[in-house]
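All remarks here apply to the structure that follows.
Rule-based calculations on the coordinates, nothing more; no lab input. Remember, predicted model here, so these are calculated numbers, not experimental data. All Cβ positions, even for glycine, are placed from backbone atoms using ideal geometry, and neighbour counts span all protein chains on display.
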Amino acid sequence: MITITDVHKTFNKGKANQVNAVNGITLEIQSGEFLVIVGSNGSGKTTMLNLIAGSVSPDNGTISIDGNDVTNMPDYKRSRWIARVFQNPLSGTAPDLSILDNFRLASIRTKRKGLSVGVNDAFKKQVQEKVAGLGMGLQDKIDQPMGTLSGGQRQALTLLMSVMDSCKVLLLDEPTAALDPRSADVVMRTADTLIRDFNLTAVFITHNLKDAFNYGTRIIQMGEGLIINDLSGTAKASLKQNDLFDWFA
Amino acid sequence: MDFYLTALLQGLCFSAIALGIYISMKIFNIPDITTDGSYTLGGVVTAVLLTNHQPAYVILPAVILAGAAAGALTGIIHTKLKINALLAGILVMTALYSVNLTILGRSNLPLINLPSLFTIVSVVNDPNQNTFWILAIFVIVITFLIGYLLKTDFGIAMRATGNSESMIRSLGVNTDRMKITGLALANALTALSGYLVAQFQGFADISMGIGIVIVGLGSVIIAETLINWFKLTSVWLSLVLVLAGAVIFQLVLAFTLSVGVDPKLLKIVTAGFVLVIVSLPRLSLLRSS
């Protein structure tokens, strides 16, 4: 689904604060794979995710999604395949817009935003049903501005928004880092269910080793812009939580 | 009383500029100073085309296009050259002064005895009332169009662009193009105010736009204060309050003049008035917290 070939990315090249964020990574992410990326701060995880999303373009190397070379494609065009959940709950939703309007935009992610009114009663009902599925009691509040909700509620809604339109790849950048343990749990379980139900290819960055242990079908550890551990399938399943702690020892 | 009627009519003329500033400042979160130039541009294009006896159906689209081009230029400088929006606006506004002077050919062009929007259409006999009705219809049509636009999928994407850029990019919107379009729209509206005012006052002047941005800004800030006051989220009500803001602003200025304030001090009164409305909500917040 996602093929990354010998990708390099350096920030502030030639300056005193030069950072070699990604140092020649080659990675093949299979369709339907739920990839967890762990690594210490500055190991290049977020740069990797931004390279896949297109917010950052590589210095060299190629990236392809679903057989299409997207190396020089800007992020807003890659949204044909990719939905994102950001670390900051504020980044994934528009706070001043109503929940309904946020969902409307998400439901036409891969389509043209035209000059017709798309928010009608049928759409409203559809959103209410989906939101009710979260069990947060938000279905009666969909006319409220998104900004009136808590971070956990917003992250859960962002996840739901990502599958409002056809979606192949879901990028999760520490989606629970800003949340309390209970909200974090709800968000992670929602993500896991959606990834299974919609057979999504997912890339999940986390510092929470418990989540890294509980979720995903493959785990890689990054360090200094390289992949230093890569376990999938049964190897990931037989991994113990303590082994993960040892990776960071 | 006529004094206040004139103020009301002027307020209606300025409602297009208020809607323009509302779009650039509140929806896109971009402080756009192109306004001073694009307002004059609207007036200048109107005056020159009127003196060349062009029909109304040529003048109106020409004014809209001229304003949109000015706004798009600011947008392109801001997004493609990555220049601060404020500076981009100032650059275009400065350049527009020469453009306007070239189009006008001199510093002032009177439009006396030429047919204007307010004389070719006759709703009622009294000229002042006739002007009022024409302006009212004009403003209602513009407001309806903008309100509808903001309700469409494109409009929601516009509103999201100024609100959460990372989100709207990840939802497949080219934010650069959206901002350029938005600034074009805002300045097309601003030029429309120039179009109305030039015909209303009967002349176009190269300096008619000096400090005009504060009129739009003041109107939007009055509206914003009311919106926050009543905790409104409706797009339609917000637009209506922006129009109300434009009218209130002119009425306050008319009141200041009528109580005998020296017209020389009008700009300082304007600035002071805007300062008061901006700071009032903050002052009351300080007290309650």
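A few remarks follow.
- Evaluating kT/(6 pi eta Rh) at 25 °C and 0.890 mPa s, with the Kirkwood radius of the stretch A:34-141 over Cα pairs in the Stokes-Einstein relation, gives 148 µm² s⁻¹.
- Net charge of the neighbourhood of residue B:150, taken over other residues with C-beta under 12 Å away and scored Lys/Arg +1, Asp/Glu -1, is +1.
- Expected 222 nm ellipticity per residue - DSSP helices of 4 or more, -39500 (n - 2.57), all of chain A, to 500: -9000 deg cm²/dmol
- Charge dipole (Cα centre; +1 on Lys/Arg Cβ, -1 on Asp/Glu Cβ; no other charges) of the stretch B:2-288 amounts to roughly 680 debye.
- Rounded to the nearest Hz, the phi-derived 3J(HN,Hα) couplings of the stretch A:16-23 under the Karplus curve 6.51 cos²θ - 1.76 cosθ + 1.60 (θ = phi - 60°) are 4, 9, 4, 10, 8, 6, 10, 10, where x marks glycine and proline.
- Taking every DSSP helix (H) stretch of at least 4 residues in chain B, weighting each as -39,500 (n - 2.57) and dividing the sum by the residue count yields a mean residue ellipticity at 222 nm of -25500 deg cm²/dmol.
- Under-5 Å amide H pairs with residue A:56, H placed in peptide plane, nonlocal only: A:51
- Pairwise label distance in nanometres, residue A:88 with residue A:238, each label 7 Å out on the Cα-Cβ vector: 4.4 nm
- Dipole magnitude for the stretch A:127-223: computed about the Cα centre from +1 point charges on Lys and Arg Cβ and -1 point charges on Asp and Glu Cβ, it is near 200 debye.
- Antiparallel content of DSSP bridges confined to chain A, in %, to 5: 55 percent
- Nonlocal amide H pairs with residue A:22, under 5 Å, H built at 1.01 Å: A:9
- Dipole of the stretch A:2-247, positive end: most advanced residue of A:91, A:176, A:232 [Cβ charges, Cα centre]: A:91
- Modelled label positions at residue A:245 and residue A:208, each set 7 Å beyond Cα in the direction of Cβ, lie 1.8 nm from each other.
- HN-Hα J in Hz across the stretch B:83-93 - Karplus 6.51, -1.76, 1.60, θ = phi - 60°, x for Gly and Pro: 9, 2, 4, 4, 5, 4, x, 5, 4, 5, 4
- The stretch A:154-165 - phi-based ³J(HN,Hα) in whole Hz, Karplus 6.51/-1.76/1.60, Gly and Pro as x: 5, 5, 4, 5, 4, 4, 5, 4, 5, 9, 6, 10
- Of the peptides B:221-228, A:234-241, the ranking by mean beta-carbon count within 10 Å, highest at the top, reads B:221-228, A:234-241.
- Volume in Å³ per residue [convex hull over Cα atoms, computed for chain A]: 139 Å³
- For a straight C-alpha distance cut-off of 19 angstrom, the lysines reachable from residue A:210 (same-chain residues fewer than eight places away being disregarded) are A:45, A:236, A:240.
- Take each residue of peptide A:70-77, count the partner chain Cβ atoms within 10 Å of its Cβ, and average: the result is 3.
- Across peptide B:173-180, the mean count of Cβ atoms from other chains lying within 10 Å of each residue's own Cβ comes to 2.
- The listed peptides B:2-13, A:36-47, ordered by packing as a protection proxy, come out as A:36-47, B:2-13 (highest mean of other Cβ atoms within 10 Å first).
- Under 26 Å from residue B:267, Cα to Cα: lysines that are on another chain or at least 8 residues apart: B:26
- DSSP assigns beta bridges within the protein assembly as shown; of those with both partners inside it, close to 60 percent run antiparallel.
- Against the rule of thumb 2.2 N^0.38 Å, how large the Cα Rg of chain B comes out: 0.99
- Peptide A:116-122 has a mean of 3 when you count, residue by residue, the C-beta atoms of other protein chains within 10 Å of its C-beta.
- Rg [Å, one decimal], Dmax [Å, integer] - the protein assembly as shown, C-alpha atoms: 27.7, 91
- Taking a sphere under 10 Å around the Cβ of residue A:131 and counting the other residues whose Cβ falls inside, with K and R at +1 and D and E at -1, yields a net charge of 0.
- The residues A:188, A:164, when put in order of fewest to most other Cβ atoms within 10 Å, stand as A:164, A:188.
- Compactness of the stretch B:75-168, taken as the C-alpha radius of gyration over 2.2 N^0.38 Å, stands at 1.62.
- Distance (nanometres) between label positions extended 7 Å along Cα→Cβ at residue A:40 and residue A:60: 2.9 nm
- Summarising the amide proton neighbourhood of residue B:261: residues at separation of 5 or more, or on other chains, whose placed amide H is nearer than 5 Å comprise an empty set.
- The local environment of residue B:51, defined by Cβ-Cβ distances under 15 Å, has a net charge of 0 under the rule Lys, Arg +1 and Asp, Glu -1.
- For residue B:137 and residue A:77, the FRET efficiency from 1/(1 + (r/R0)^6), where r spans their Cβ atoms and R0 equals 30 Å, is about 0.10.
- In the stretch B:2-288, taking the dipole from charged Cβ atoms about the Cα centre, the farthest positive-side position among B:57, B:89, B:208 is held by B:89.
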